[in-house]
Amino acid sequence: LRQHIPVITFSTPDVKKAVEAMKLGATDYIEKPLTAEILSDFIKRHKKKILNTEYGFDETIGTSALMQEVFGLIKKAAVSESNVLITGESGTGKELVARAIHKWSPRNERSFAVINCSAIPDTLLESELFGFEKGAFTGANYTKKGLLEIADGGTVFFDEIGDVSPLFQVKILRVLQEGDVMRIGGSRQKKVNLRIISATNMDLDMACKKGVFREDLFYRLNVINIHLPPLRNRIEDMSVLVNHFIEKHAHKRKDLLIKNISEEA
């Protein structure tokens, strides 16, 4: 079911059993008795293989209690088929979390379509999402598949979902309710199997109360909610983030050897 998760077997010392376990697909074999030191060593070894960093989940980094909660929710969301709403301020890593959910989900071999709702004008959003038939409007000289059709079987990530117009909210709601799409100028619906992950820096609950965001759409998107705390609320993550960025970017400077950053900095 989850081929990327290591399976570690253990038993009393027995070479035959060890060989049999490895043949069946075990990643590793430990002899009894199990001690905390041995177990810790094995977990550390395999954790590094699964995760890009020892201090987080996938590319999301943090050791704080707040982030440990987030990592737990990412894991739960990944194995679920439910829609996910990721909330948090700009720059908290909402897209990283969306990608991690897709990467560790059963849909990971299918496409991950990113739709930036604030960057695409409302007039173009429909043709981007649903596609169009040749001759549907002036300039439609060819047939184009929409992103929702292309992503069939995979995950669609609506970034800044709070920015879409009321009219477009209705169109997204229909896709969620009926599970089908129709190209502009088309005459038949096409069934699509999509997992929807949305992100916003807005308070959608408040937007619903003000009447600028549809309540029925909000409840369909917000099945699993993951809230990303800003860095100022998890200052203890600063040092691991600093070390991560030094490792990631230090080699780009050929004129300087950057090893660390001072406490003051």
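The values are calculated or read from the model by the stated rules, or taken from the named source; none is laboratory data. All figures in this text were calculated on a predicted structure; none of them were measured in a lab. Neighbour counts are summed over all protein chains in view; Cβ atoms, including those assigned to glycine, are modelled from backbone coordinates with ideal geometry. Ligands, DNA and RNA are excluded from the accessible area calculation, which covers all protein heavy atoms including side chains. Shrake-Rupley method; radii C 1.70, N 1.55, O 1.52, S 1.80 Å.
Compared with the dominant Cα axis of the chain, that is its longest principal axis, helix 94-103 is turned about 70°. Only alpha carbons enter this Debye calculation for the stretch 166-232, each as an equal point scatterer, and the log10 of I(q)/I(0) it gives at q = 0.12, 0.18, 0.20, 0.22 Å⁻¹ is -0.40, -0.79, -0.91, -1.02.
For the chain, the longest principal axis of the Cα atoms and the long axis of helix 36-50 meet at an angle of about 40 degrees. Local charge for K191 was computed over the other residues whose Cβ lies under 15 Å away, with Lys and Arg +1 and Asp and Glu -1, and equals +2.
Kirkwood Rh and Cα-based Rg: tell me the resulting Rg over Rh for the stretch 139-265, rounded to two decimals.
Numbers: Rg = 21.6 Å, Rh = 18.6 Å.
Radius of gyration over Kirkwood radius for the stretch 139-265 works out to 1.16.
Carbon-plus-sulfur accessible fraction, the stretch 168-260 (probe radius 1.4 Å, protein heavy atoms only): 52%. The alpha carbon gyration tensor of the stretch 206-247 gives principal lengths a ≥ b ≥ c with a/c of 1.5 or higher and a/b greater than b/c, which makes the shape prolate.
Please report the carbon-and-sulfur percent of the accessible area for the stretch 1-143; probe 1.4 Å, protein heavy atoms only, DNA, RNA and ligands left out. Ligands and nucleic acids excluded, carbon and sulfur reach 55 percent. The stretch 113-165 and the stretch 227-257 have Cα centres lying 35 Å from one another.
Averaged per residue, what accessible area in Å² does the chain show with a 1.4 Å probe, protein chains only?
Using a 1.4 Å probe on heavy atoms only, each residue of the chain averages 60 Å².
For the chain, the longest principal axis of the C-alpha atoms and the axis of helix 65-79 are separated by about 70°.
Straight-line cross-link reach from K17 at under 22 Å between alpha-carbon atoms covers these lysines, not counting any fewer than eight positions away in the same chain: K32.
Converting the Cα gyration tensor eigenvalues of the stretch 61-186 into ellipsoid dimensions via √(5λ) gives semi-axes, longest first, of 31, 16, 12 Å. The equivalent ellipsoid that matches the C-alpha gyration tensor of the chain spans semi-axes of 41, 26, 18 angstrom, in descending order. Along the stretch 10-15 the Karplus relation, 6.51 cos²θ - 1.76 cosθ + 1.60 evaluated at θ = phi - 60°, assigns HN-Hα couplings of 8, 6, 5, x, 6, 4 Hz to successive residues, with x for each Gly and Pro. Each other residue within a Cβ distance under 15 Å of P33 adds +1 if Lys or Arg and -1 if Asp or Glu, for a net charge of -3.
If you bin all the Cα-Cα distances of the stretch 121-180 at 5 Å, starting from zero, the percentages per bin are 4, 15, 26, 27, 17, 10, 1. Considering only the chain, what is the antiparallel percent among its DSSP beta bridges, to the nearest 5? Close to 20 percent.
Could you tell me what % of all Cα pairs in the stretch 222-265 have separations over 13 Å?
Working: 631 of 946 pairs.
More than 13 Å apart: 67 percent of the Cα pairs in the stretch 222-265.
Protection proxy ranking for 81-94, 177-190, using the average of other Cβ atoms within 10 Å per residue and placing the highest first: 81-94, 177-190. Excluding same-chain neighbours fewer than eight residues apart, the aspartates and glutamates reachable from K103 by a Cα-Cα span under 15 Å are D58, E59, E81, E95.
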